[in-house]
Amino acid sequence: MTTNIRKVVVTGLGVVSPVGSDMETCWGNLTAGVHGIGPITYFDTANYKAKLAAQVQGFDPKAYMEKTEILRSDLFAQYAMGAACQAVTESGVIGTLPPERVAVYFGSGIGGLNTVSTEIDKLNKRGPHRVSPLCVPMMIANMAAGMIAIRYNCQGAAMPAVTACASGSNAIGEALRAIRHGYADAVITGGAEASIVPVGIAGFINMQALSTAEDPDAASLPFDARRGGFVIGEGAAALVLEEYEHAVKRGAKIYGEVCGYGSTCDAYHITAPRPDADGGARAMRMALEEAGYQAGETLYINAHGTGTPLNDAGETLAIKKALGEEDARRAYISSTKSMTGHMLGAAGAIEAIVCLKALETGILPPTINLREPDPACDLNYIPNAAVRVSADIALSNSLGFGGHNACLAFRRV
């Protein structure tokens, strides 16, 4: 461990998502305003009020894993491995550091829900002797981190973040702190989720969280007056974080700096956000302070923006409280969940990647299908079409059940 505060940068990206399972396809679709929402095809939804989801497109686990490894892992871990392999290959960091200096912090809000569902069905229909001996290692939420560490011989810490919809962001934030304070020199980080299964959909429907719209173009509607719930998504996103001097010395491509992190708890309710939005606002202020934000800088915010009535109005209030009214109105804000759906534990990770790509390319992706602005959501949400803006700093907000709030800040290097 070192007492020096070290600069942390991103040297690799990977994605498995409803809008593409490689970076080029995913980013092209997000900037073009193309969504990945459609009818659920994994099971018969005749008896379900919600029939739409954002399912992963173009992913073949055999491109990243051996057949035996696939059979011994849950879908969420397969998505995680796919994204991590992309990020690690691009980064080239493995082999440049001792194994004990490389860590894995990889989040999942739910973990192996496919496995849980399948094995409980076996238990009920065929008895306890038919439950897989791999049931437990396949279902536990830390297994994506564990499998990635095994693949790349990462002998530093290998830990999940399990903070519901903030899991991916908390994993990245804790990875940032591990490198900053000398516990690791590089971290493979991100988040993964695969919960489009009957029990998952039924649970979210019955808590009135999911959109029941039947039109894919009018289902995920962040900040729109017509919004009625989120569209569930799935997938994974991975980033390689690295100590800046090491990355420069080996000539790595640098996407940007992770320069701020705020993590707070509402301490209010298991699902509803605080009405005063104080927890989310404090997380943003913490990230901005660490990032050295100056009033008047051009700011892009990738909002949590789920499309639920409480979240979007509350997040708007949080942004105003964090920035002040004037800077809040100057900020460029969008919710890419309008295209990816809500990828739950993977959401913060893919949205961190969006922030880095927005800074790199000068293209800020839109909030699509924002046709009827809600008076309670009165900021600039980049409606319907991307804009070309050279932002100085980007924020990614994540707000999870349990009152978890996480905010990440990024700058160009």
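The values are calculated or read from the model by the stated rules, or taken from the named source; none is laboratory data. Just so it is clear, the model here is predicted, and its values are computed rather than measured. Methodologically, a virtual Cβ is constructed for each residue, glycine included, from the backbone with ideal geometry; neighbour enumeration extends over all protein chains shown. Note: accessible area is taken over every heavy atom of the protein model, side chains too, but ligands, DNA and RNA are not part of it. Shrake-Rupley method; radii C 1.70, N 1.55, O 1.52, S 1.80 Å.
Structure notes:
- Proximity of backbone amide H atoms, modeled 1.01 Å from N, is registered between residue 157 and 104 at under 5 Å, excluding neighbours fewer than 5 places apart on the same chain.
- Coupling constants for segment 248-257 follow from the phi torsions by the Karplus curve (6.51 cos²θ - 1.76 cosθ + 1.60, θ = phi - 60°), and in residue order they are 5, 4, 8, x, 6, 5, 10, 7, x, 9 Hz; glycine and proline get x.
- Among 135-145, 299-309, sorting by the average number of other beta carbon atoms lying within 10 angstrom of each residue, highest first, gives 299-309, 135-145.
- Listed residue (108, 88, 47) projecting farthest to the positive dipole end of segment 20-114, Cβ model: 47
- Taking the inverse of the mean reciprocal distance over all distinct Cα pairs, the Kirkwood hydrodynamic radius of segment 372-413 comes to 13.3 Å.
- Surface composition of the chain: carbon and sulfur make up 53 percent of the accessible area, probe 1.4 Å.
- Note on residue 310 and residue 155: their simple-model spin labels are 4.7 nm apart, each label 7 Å out from Cα toward Cβ.
- Pairs of Cα atoms nearer than 8 Å and 6+ residues apart set the relative contact order; for segment 211-340 it is 30 percent.
- Cross-link table 51/122; 7/357; 49/337; 49/321; 51/320; 253/321, entries beyond 28 Å C-alpha to C-alpha: 49/321; 51/320; 253/321
- Relative contact order [Cα under 8 Å, 6+ residues apart], segment 19-150, whole percent: 22
- Taking the helices alone, the chain has a mean residue ellipticity at 222 nm of -10500 deg cm²/dmol, built from -39,500 (n - 2.57) per DSSP H run of at least 4 residues and averaged over all its residues.
- In summary, the helical segments of the chain meeting the span-like criteria, namely a full DSSP H run, a Cα extent along the axis of 15 angstrom or more and a mean Kyte-Doolittle hydropathy of at least -1.0, are 75-91, 113-126, 167-180, 278-291, 309-323, 347-361.
- Its alpha carbons give segment 213-313 an Rg and a Dmax of 17.9, 53 Å.
- The modelled label-to-label distance between residue 385 and residue 70, using points 7 Å beyond Cα along the C-beta direction, is 4.2 nm.
- Listed residues 401, 410 arranged by accessible area, highest first, probe 1.4 Å: 401, 410
- Gained length - residue 218 relative to residue 376, 0.36 nm times residue gap less alpha-carbon distance: 54.9 nm
- Solvent-accessible area per residue in the chain equals 38 Å², computed with a 1.4 angstrom probe and all protein chains kept.
- Rounded to whole numbers, the Karplus 3J(HN,Hα) couplings from phi for segment 260-266 are x, 8, x, 9, 9, 10, 5 Hz, using 6.51 cos²θ - 1.76 cosθ + 1.60 with θ = phi - 60°, and x at Gly and Pro.
- Sequence-separation-based contact order of the chain, relative, with Cα cut under 8 Å and 6+ spacing, percent: 24
- Assigned charges on the beta-carbon of Lys, Arg, Asp, Glu; the chain dipole about Cα centre (debye): 620
- Charge dipole of the chain about the Cα centre (unit charges at C-beta), most positive-ward option of 267, 191, 221: 191
- Note on segment 282-397: the alpha carbon radius of gyration divided by the globular reference 2.2 N^0.38 Å gives 0.97.
- Global geometry of the chain, whether rounded, prolate or oblate, following the gyration tensor of its Cα atoms and the 1.5 cut on a/c: oblate
- Within the listed set 146, 82, 251, the residue fluctuating most in the Gaussian network model of the chain (springs between alpha-carbon atoms under 10 angstrom) is 251.
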